[in-house]
């Protein structure tokens, strides 16, 4: 394991300490002066002013050199003028023993000449002695700076050495092809470069982290498998973050116990260290500190120590660098392995491809090498991979044809297709050429796949003709016409020998032969209706799946098929089935099946359309009958009822002019009221009859504009219309929508405000605000029109209904004694004509909601 963060390893080439033993880890400074008191005084001052140093003194250059030889000396402070040798000569001798030892010349005999010689000789610093403490402070600063520079240079050398070693480690990983080898090399690097003597790599296997490689000093008993998220190892893998633990032997919740026992006051640094202690679950008892570094998502590198805080920030940095290179190597290996597997799959697909295909390699400078050709290519063109690229190219590409240049393919870097003409073993043929560039490690491979265009063109022509036939089927008069068109399309377009269409009769539960081709009739004669259990035709209809029989003579059938040997039956949904036959066995292939299914799908859609059209015609006929009935009713009301009423009204007016008797006049007034009531009833009946259940032109009508237009045509007294929530438009007949609003507004105003009109019409709503005499104030009434997600509403703040709101829309229902009960009935009729669902709420006023019916 590497040394602790407070230890300073001795310099390279320096001797071990003598028997007296200097303080472990202290920096030693040698003071040399022929005056013993001067050396001791300087040493005392510097030792007090510079932390972490130990001083020794010598009184002659020879003694100083002996100390450098036999002891560890980190810095020399020397006088200049000494017997036997001066300070510069001592400097030269010291540098021979330790070239990197700092040397400070501290002399009382100063001159510019000596200073120049000292600087030229390479002294670290030059100071003159003098009286006063400040001289020793300057000397202490010079010593501290010299030691700092030396320490920095030493650290830099160590860092450079480790960085170089890690770079060599990463370079070596580039040639590794096995993930297991990467984990082995990672442990080796941790031991040799980082000097971790107890380390291990673990590999993630699903939700488990399994030990992979152990250093020599780690035994199998000291490691185990962890779940992801368990312990320091599992947590490192789960979070993919480095964890450093300084002290595993204490309670991590007690900060005081995290101090270094040998250096009280020094605690573990960083939140991660304390969290690491919290999740630690050591296997061995002699583990006190640890570092755990993720190797990407693949595993972890962990080192442990029995010492406190054995791993510093530099250890973390270098360990993360090694783990990062390992992770990159593993990802490269896995990526290359996946590429190899993909290349193998592509190669297998290439050789199994039924279409002609060739693989070439781009060589640069427009060159290409023929790498492989599948069997279909050899059969089609007569050349294989043993032929040269230029030979094959010149043989199959006509001289006048445009050639696909390799650089153009590489520039696009994506698949492309084009129509080409090529010379095959059987002559010139048209193809669709698919060009697929695939970049692989070190080269670019180009796949060229040829698809015979003749089959494709035939299918395209067939589909276009089927599409045209489908349009014609949509114009058919009825289901029989559609069946006849479909039967001929199977023969004329799909080129099947014979065909037919059998439509389902639900009343008899059989498939009736609706349209059987002449060719089919010639092959097996007239056929009866087929019911449950009657052969393969009913089976296809019942299961909704196509039925293919390659040889009818080789299977048992419930019904006979005459001279037919091959049978293909496609279902037509709920409408029936379409049998297709041929006299040759094995006639129908997969393409025939797919084309028959396309035809059947088109026929099914056409039959659905015909069925809906027939339903709409029936509905239109019923509506027209209702319109005719209502028109007759309107004529009856207008002529046969209004004429006698006019006569009665005229007789009443004549009688009024012939008498002055008050009793008679009172009776005539009552008769006139009855006539007015009958006239109003006739008007409402005419309106109801003319509304009907159909609408004219439908258009998008702004809700607020329609409501305001209707409001202006109604006697609203002092009531208020609020259209602030009417933000959308509604699809409606504008005039019919206006009539709907008018009737609703009249209902709200007349019955939400009893004083607004003396003669209410035909609403069912009660007044909303009543005074002491039971009257209602119209000025307090507000009618609101607003939008809904699927419709709109009309509401007022009156008192609501005194009868069932739904019953209020029935003919003749009214809460007023002289109401006709037709106003809301007209509203209901208009809503029905538009396909709206009407709902009414009588709480807190009246609210009418109109929503679009589902499926409309």
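Only one of (1) exposed (fewer than 15 other Cβ atoms within 10 Å of the Cβ); (2) in contact (Cβ under 8 Å) with a residue 40 or more places away in the chain fails for residue 53. Which number is that?
Going through the list (1) exposed (fewer than 15 other Cβ atoms within 10 Å of the Cβ); (2) in contact (Cβ under 8 Å) with a residue 40 or more places away in the chain, residue 53 breaks only (1).
When you go through (1) assigned by TED's automatic domain parsing to the domain that holds residue 213; (2) touching a strand residue (DSSP E or B) at 6+ places or on another chain (Cβ under 8 Å); (3) free of Cβ contacts under 8 Å to residues at least 60 places away in the same chain one by one for residue 374, which number turns out not to apply?
(1) is the only condition that residue 374 fails.
Residues in region 501-521 that are under 11 Å from residue 580 (Cβ atoms) and modelled with pLDDT of 90 or more: how many?
Applying the first criterion (under 11 Å from residue 580 (Cβ atoms)) to region 501-521 yields 501, 517, 519-520.
Okay, now just the ones that are also modelled with pLDDT of 90 or more, so 501.
Adding up the residues that qualify gives 1.
Based on what the data block shows, is residue 596 surrounded by 15 or more Cβ atoms within 10 Å (Cβ to Cβ), without any contact (Cβ under 8 Å) to a residue 24 or more places away in the chain and assigned to a helix (DSSP H, G or I)?
Details: surrounded by 15 or more Cβ atoms within 10 Å (Cβ to Cβ): yes; without any contact (Cβ under 8 Å) to a residue 24 or more places away in the chain: no; assigned to a helix (DSSP H, G or I): yes.
Answer is no for this residue.
When you look at residue 347, is it within 14 Å of residue 445 (Cβ to Cβ) and either modelled with pLDDT of 85 or more or outside the structural domain of residue 447 (by TED's automatic domain parsing) (or both), yes or no?
Values: within 14 Å of residue 445 (Cβ to Cβ): yes; either modelled with pLDDT of 85 or more or outside the structural domain of residue 447 (by TED's automatic domain parsing) (or both): yes.
For residue 347, the condition - within 14 Å of residue 445 (Cβ to Cβ) and either modelled with pLDDT of 85 or more or outside the structural domain of residue 447 (by TED's automatic domain parsing) (or both) - is met.
Check 92, 63, 71, 35 and return the single one that is modelled with pLDDT of 85 or more, surrounded by fewer than 16 Cβ atoms within 10 Å (Cβ to Cβ) and within 20 Å of residue 146 (Cα to Cα).
On the way: 63 fails: within 20 Å of residue 146 (Cα to Cα); 71 fails: surrounded by fewer than 16 Cβ atoms within 10 Å (Cβ to Cβ); 35 fails: within 20 Å of residue 146 (Cα to Cα).
Criteria check complete, one pass: 92.
Out of the residues in region 468-480 that are assigned to a helix (DSSP H, G or I) and out of contact with any helix residue (DSSP H, G or I) (no Cβ under 8 Å at 6 or more places or on another chain), state the one that is farthest from residue 368 (Cα to Cα).
So the residue we want is 480.
What do you reckon, is residue 482 surrounded by 12 or more Cβ atoms within 10 Å (Cβ to Cβ), under 51 Å from the mean Cα position of the chain (by Cα) and under 27 Å from residue 430 (Cβ atoms)? Don't jump to the end; show me each part of the working.
Numbers: surrounded by 12 or more Cβ atoms within 10 Å (Cβ to Cβ): yes; under 51 Å from the mean Cα position of the chain (by Cα): yes; under 27 Å from residue 430 (Cβ atoms): no.
So residue 482 does not fit the description; no.
Looking at this structure, is residue 153 in the same structural domain as residue 46 (by TED's automatic domain parsing), out of contact with any strand residue (DSSP E or B) (no Cβ under 7 Å at 6 or more places or on another chain), modelled with pLDDT under 85 and assigned to a helix (DSSP H, G or I)?
On the way: in the same structural domain as residue 46 (by TED's automatic domain parsing): yes; out of contact with any strand residue (DSSP E or B) (no Cβ under 7 Å at 6 or more places or on another chain): yes; modelled with pLDDT under 85: yes; assigned to a helix (DSSP H, G or I): yes.
Judged against the criteria, residue 153 is a match.
I'd like the residue in region 347-392 that is assigned to a helix (DSSP H, G or I) and crowded, with 16+ Cβ neighbours inside 10 Å and, out of all such residues, is nearest to the chain's Cα centre (by Cα). So that I can check it myself, show each step before the final result.
Restricting attention to region 347-392, the residues satisfying the condition of being assigned to a helix (DSSP H, G or I) are 347-352, 375-381, 389-392.
Remaining after also requiring crowded, with 16+ Cβ neighbours inside 10 Å: 350, 376-378, 380-381, 389, 392.
Numbers: 350: 32, 376: 40, 377: 41, 378: 44, 380: 44, 381: 45, 389: 44, 392: 46 Å.
The extreme case among them is 350.
Which one is nearest to residue 361 (Cα to Cα), of the residues in region 376-391 that are in contact with a helix residue (DSSP H, G or I) (Cβ under 7 Å, 6 or more places away or on another chain) and at pLDDT 90 or above? Walk me through it before giving the result.
Start the filter on region 376-391 by keeping residues that are in contact with a helix residue (DSSP H, G or I) (Cβ under 7 Å, 6 or more places away or on another chain), which leaves 381, 383-384.
Checking the rest, the ones that are also at pLDDT 90 or above come to 381, 383.
Details: 381: 20, 383: 17 Å.
Checked region 376-391; the qualifying residue nearest to residue 361 (Cα to Cα) is 383.
If I go through region 718-768 residue by residue, how many of them are surrounded by fewer than 18 Cβ atoms within 10 Å (Cβ to Cβ), modelled with pLDDT under 90 and either on the phi > 0 side of the Ramachandran plot or assigned to a loop (DSSP other than H, G, I, E, B) (or both)?
Residues that pass the stated criteria total 5.
For region 574-592, which residues satisfy the criterion of being within 40 Å of the chain's Cα centre (by Cα) and either closer than 23 Å to residue 521 by Cβ or at pLDDT 90 or above (or both)?
From region 574-592, those within 40 Å of the chain's Cα centre (by Cα) are 574, 590-592; that's our starting set.
Scanning region 574-592 gives 574, 592.
Do you know which residues across region 201-223 are more than 39 Å from the chain's Cα centre (by Cα) and modelled with pLDDT of 90 or more?
Taking region 201-223 and keeping what is more than 39 Å from the chain's Cα centre (by Cα), we get 213-223.
Matches in region 201-223: 213, 214.
So, residue 270, is that one closer than 18 Å to residue 240 by Cα, at pLDDT below 50, surrounded by fewer than 20 Cβ atoms within 10 Å (Cβ to Cβ) and assigned by TED's automatic domain parsing to the domain that holds residue 204 or not?
On the way: closer than 18 Å to residue 240 by Cα: yes; at pLDDT below 50: yes; surrounded by fewer than 20 Cβ atoms within 10 Å (Cβ to Cβ): yes; assigned by TED's automatic domain parsing to the domain that holds residue 204: yes.
Answer is yes for this residue.
Would you tally the residues in region 705-715 being surrounded by fewer than 21 Cβ atoms within 10 Å (Cβ to Cβ) and in contact (Cβ under 8 Å) with a residue 12 or more places away in the chain?
Start the filter on region 705-715 by keeping residues that are surrounded by fewer than 21 Cβ atoms within 10 Å (Cβ to Cβ), which leaves 705, 708-709, 711-715.
Then keep just the ones that are in contact (Cβ under 8 Å) with a residue 12 or more places away in the chain; that gives 708-709, 711, 713-715.
Matching residues across region 705-715 total 6.
Select from region 563-581 the residues that are in contact with a strand residue (DSSP E or B) (Cβ under 6 Å, 6 or more places away or on another chain) and surrounded by fewer than 24 Cβ atoms within 10 Å (Cβ to Cβ) and write down the one among them that is farthest from residue 597 (Cα to Cα).
Taking the candidates together, the pick is 564.
How many of the residues making up region 154-179 are more than 15 Å from residue 321 (Cβ to Cβ), free of Cβ contacts under 8 Å to residues at least 60 places away in the same chain and surrounded by fewer than 12 Cβ atoms within 10 Å (Cβ to Cβ)?
So the answer is 3.
Could you run through region 543-566 and say how many residues are modelled with pLDDT of 90 or more and within 27 Å of residue 507 (Cα to Cα)?
Total satisfying the criteria: 5.
Please work out which one of (1) within 19 Å of residue 126 (Cα to Cα); (2) assigned to a loop (DSSP other than H, G, I, E, B); (3) in contact with a strand residue (DSSP E or B) (Cβ under 7 Å, 6 or more places away or on another chain) is the condition residue 99 fails and give its number.
Every condition holds for residue 99 apart from (3).
At pLDDT below 90, more than 60 Å from the chain's Cα centre (by Cα), more than 30 Å from residue 193 (Cα to Cα) and not in a loop (DSSP other than H, G, I, E, B): which single residue out of 19, 42 fits that description?
Values: 19 fails: not in a loop (DSSP other than H, G, I, E, B).
Criteria check complete, one pass: 42.
Take region 420-456 and flag every residue that is in a strand (DSSP E or B), surrounded by fewer than 13 Cβ atoms within 10 Å (Cβ to Cβ) and at pLDDT 85 or above. Spell out how you get there, then give the answer.
Taking region 420-456 and keeping what is in a strand (DSSP E or B), we get 420-424, 427-440, 443-452.
Next, only the ones that are surrounded by fewer than 13 Cβ atoms within 10 Å (Cβ to Cβ) stay: 427-428, 439.
427, 428 - these are the residues of region 420-456 that are in a strand (DSSP E or B), surrounded by fewer than 13 Cβ atoms within 10 Å (Cβ to Cβ) and at pLDDT 85 or above.
Hey, does region 288-308 have a residue that's in contact with a strand residue (DSSP E or B) (Cβ under 6 Å, 6 or more places away or on another chain), farther than 30 Å from residue 205 by Cα and modelled with pLDDT under 90?
yes
Whether any residue in region 815-837 is assigned to a strand (DSSP E or B), at pLDDT 85 or above and over 16 Å from residue 741 (Cβ atoms) is what I want to check.
Residues of region 815-837 assigned to a strand (DSSP E or B): 836-837.
With at pLDDT 85 or above added as a condition, the list becomes 836-837.
Now restrict to residues that are over 16 Å from residue 741 (Cβ atoms): 837.
Yes, region 815-837 contains a residue that is assigned to a strand (DSSP E or B), at pLDDT 85 or above and over 16 Å from residue 741 (Cβ atoms).
Just the residues that are out of contact with any strand residue (DSSP E or B) (no Cβ under 7 Å at 6 or more places or on another chain) and not in a helix (DSSP H, G or I), please, taken from region 72-96.
Step one: list which residues in region 72-96 are out of contact with any strand residue (DSSP E or B) (no Cβ under 7 Å at 6 or more places or on another chain), which gives 82-86, 88-89, 92-93, 95-96.
Selection gives 82, 83, 84, 85, 86.
The values are calculated or read from the model by the stated rules, or taken from the named source; none is laboratory data. None of the values given here were measured: they were computed from a predicted structure. All Cβ positions, glycine included, derive from the backbone under ideal geometry; neighbour counts span all protein chains shown.
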